[in-house]
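Undergrad: The structure that follows is given in the form of structure tokens.
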Amino acid sequence: MGSNEADKPLRRIGASFEQLAAVAKQQQQQPAMAAGDFSRACSNVSVLFGCLGIAFKFAEMDYVAKASARSSAPLSSPPRYLLCSSSRLAIPPPVGALGCLGRVGCSVDDLLEASKTISTLPSMVELDIQKGTVRQAGSHTRNLLRVKRGIDMVKVLFEQILVTEGNSLKDAASKAYAQVFAPHHGWAIRKAVGAGMYALPSKSQLLKKLNEDENSARAQMQSFVRSSGPVILYVEDLFTSKNLGLDW
């Protein structure tokens, strides 16, 4: 295991979310969470989606803006197969699903860019309300909701890993997906994700990618579960206080 803290993503994630949680817990004093701090903390999480492989590719595309996110590639011409080199598994994606996910501008990169000119999350949402663009594809508010779901899924995934014995991640990942993302996905995407669950890395492989051992990973996952809860609640309260809802 590497000893450099910079090579340990779980520790970066934990530290950044502990700082956000301190702000979120002061809601009675109505502090405004800094958009830059939130976006940078969330950007630390993006490495996890890459480590989890093809089953979480939909989340990575939803969460992190790719260079091709707004490409002109037609939706009718998605890749014919998603290839997982670790298991030689070829999964035919639903027509248009990857194109749609790739085109959704909901990404932490958008929030990072927006934070250069918009100082707080409430201001970011209020600006979209004033412009009437809250639910518009690519709006900052829509992106914020998608990123919140990504954080929520990682939280549930870690909770499940912490209570699941054995070296397989399939049950933990399946439960996290079912709880957070499945209600917002159609049958075709749910089926593709279900197939991808068989190509997940083992828990030991994931920990190796994250440069952690069993004990250190458990401590960092517990830290994220503890600190991400108040942050998720802060964002949800921001939406509900503006009567925007969360189920869209």
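Undergrad: Restricting to the range 108-120, count the residues that are in contact with a Leu (Cβ under 8 Å, 6 or more places away or on another chain) and either exposed (fewer than 14 other Cβ atoms within 10 Å of the Cβ) or part of a loop (DSSP other than H, G, I, E, B) (or both).
TA: 1
Undergrad: Scan the range 185-210 for residues that are under 21 Å from Phe158 (Cα atoms) and touching a Pro at 6+ places or on another chain (Cβ under 8 Å) and jot them down.
TA: Residues satisfying the conditions are Lys209, Leu210.
Undergrad: Could I ask something else about it? Going residue by residue through the range 221-239, is there one that turns out to be in a loop (DSSP other than H, G, I, E, B), within 30 Å of Lys25 (Cβ to Cβ), at pLDDT below 95 and not charged (D, E, K, R)?
TA: no
Undergrad: Follow-up question, since we're still on this one. Can you tell me which residues in the range 206-248 are touching a residue at least 60 places away in the same chain (Cβ under 8 Å), of a type in the set (S, T, N, Q) and farther than 22 Å from Ala21 by Cβ?
TA: Asn211
Undergrad: Same structure, new question: Residues to consider are Ser43, Ser16, Ser76; find the one that is at pLDDT below 60 and surrounded by fewer than 22 Cβ atoms within 10 Å (Cβ to Cβ).
TA: Ser76
Undergrad: Hey, any hits in the range 161-174 for a residue that's closer than 30 Å to His140 by Cβ, within 15 Å of the chain's Cα centre (by Cα), surrounded by 15 or more Cβ atoms within 10 Å (Cβ to Cβ) and touching a residue at least 24 places away in the same chain (Cβ under 8 Å)?
TA: yes
Undergrad: Exactly one of (1) assigned to a helix (DSSP H, G or I); (2) open to solvent by less than 40 Å² (accessible area, probe 1.4 Å); (3) modelled with pLDDT under 95 is unmet by Asn215. Its number?
TA: (2)
Undergrad: Return yes or no: is Ser223 surrounded by fewer than 17 Cβ atoms within 10 Å (Cβ to Cβ) and of a type in the set (Gly, Ala, Ser)?
TA: For Ser223, the condition - surrounded by fewer than 17 Cβ atoms within 10 Å (Cβ to Cβ) and of a type in the set (Gly, Ala, Ser) - is not met.
Undergrad: With the checklist (1) over 12 Å from Ile161 (Cβ atoms); (2) open to solvent by less than 30 Å² (accessible area, probe 1.4 Å); (3) not hydroxyl-bearing (Ser, Thr, Tyr) in hand, flag the one item Leu207 doesn't pass.
TA: Only one criterion in (1) over 12 Å from Ile161 (Cβ atoms); (2) open to solvent by less than 30 Å² (accessible area, probe 1.4 Å); (3) not hydroxyl-bearing (Ser, Thr, Tyr) is unmet by Leu207, namely (1).
The values are calculated or read from the model by the stated rules, or taken from the named source; none is laboratory data. Just so you know, these numbers come straight off a predicted model, no measurement behind them. So basically every Cβ, Gly included, is an ideal-geometry build from the backbone, and we count neighbours across all protein chains shown. Just so you know, the surface numbers come from the protein's heavy atoms only, side chains and all, with ligands and any DNA or RNA stripped out. Shrake-Rupley method; radii C 1.70, N 1.55, O 1.52, S 1.80 Å.
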